[in-house]
Amino acid sequence: MERYTIAILVRNKFGVLNRVTSMFRRLQFNISCLTVSETESAEYSRITVLFDGDENGKTQLINQFYKLPDVISIKEIKQDESVCCELLLIKVENSPETREEIRSAAEAFDAKTVDYSRDSIVMQMTGDSRRIDAFINILRDFNILEICRTGIVSLERGKETIRQVINI
């Protein structure tokens, strides 16, 4: 199985996200990551989806998206041709025995402390998924209290935009 990232430009209307995610369900794809936001125009939203599958299944999925009336454009995002990142908030137990090791790990990964109390530390980190996964794995040696991740956001390098790829 391969991992794919696709960006879908849609009209910013009620129910569009449900129709898009229902297509994944119907074709039996599991969504690993989903991010949705308005674009530079309030008229459109961008849906970025990370999922696992095979090439034929991905092609079938994209072809089905073209049939949805509010889909403007679809673009596969290739990692070497784009800038991708996500945001992590992670809360770790704060104890005198582990505090310095946690701070050292945070410094090594450029994580920023955004909340500090006697019993917990909340850190924020942005980066690609692999780097965030690596940071989480390091912190598994300590007591992780809570994790929240935004999901991937991605833009292609260069001048081309998803709005220039009109597929309807």
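The values are calculated or read from the model by the stated rules, or taken from the named source; none is laboratory data. All of these numbers come straight from a predicted model, not from anything done at the bench. Note: ideal-geometry Cβ built from the backbone for every residue, glycine included; neighbour counts use all protein chains shown. The protein model used for the area step is the full one, side chains on, heavy atoms only, and it has no ligands, DNA or RNA in it. Shrake-Rupley method; radii C 1.70, N 1.55, O 1.52, S 1.80 Å.
The distance from the alpha carbon centre of region 40-82 to that of region 103-168 is 23 Å, rounded to a whole number. If I fit a long axis through the Cα atoms of helix 16-26 and take the longest principal axis of the Cα atoms of the chain, what angle between them do I get, 0 to 90°, rounded to 10? Around 90 degrees separate the two axes. Proximity of backbone amide H atoms, modeled 1.01 Å from N, is registered between S32 and L50, F51, D52 at under 5 Å, excluding neighbours fewer than 5 places apart on the same chain.
The angle between the Cα long axis of helix 55-65 and the longest principal axis of the Cα atoms of the chain comes to about 70 degrees, rounded to the nearest 10. Can you give me the angle between helix 129-139 and the longest principal axis of the chain, using Cα atoms only, in degrees from 0 to 90, rounded to the nearest 10? The helix 129-139 is inclined about 20 degrees to the chain. Calculated mean residue ellipticity, 222 nm, the chain: -7500 deg cm²/dmol, from DSSP H runs (n ≥ 4) at -39500 (n - 2.57) each, averaged per residue and rounded to 500.
Ligands, DNA and RNA left out, the accessible area of region 34-119 computed with a 1.4 Å probe is 46% carbon and sulfur. Taking amide hydrogens as placed 1.01 Å from N in the peptide plane, the amide H of N94 sits under 5 Å from those of S120, I121, each at least 5 positions away in sequence or on another chain. Taking the Cα centre of the chain as origin and assigning +1 to Lys and Arg Cβ atoms and -1 to Asp and Glu Cβ atoms, the resulting dipole is close to 760 debye.
Among the chymotrypsin sites (Phe, Trp or Tyr not before Pro) within region 34-105, those in coil by DSSP and having at most 13 neighbouring Cβ atoms inside 10 Å are Y66. Note on E101: accessible area is roughly 110 Å² with a 1.4 Å probe, heavy atoms of protein only. If I take R0 = 25 Å and measure r between the Cβ atoms of I31 and E156 in this structure, what FRET efficiency does the formula 1/(1 + (r/R0)^6) give, to the nearest 0.05? For R0 = 25 Å, the calculated efficiency reads 0.75. The 1.4 Å probe gives accessible areas that order C148, C84, largest first, as C148, C84. Note on region 93-168: along the principal axes its Cα atoms extend 58, 20, 19 Å, ordered by decreasing extent.
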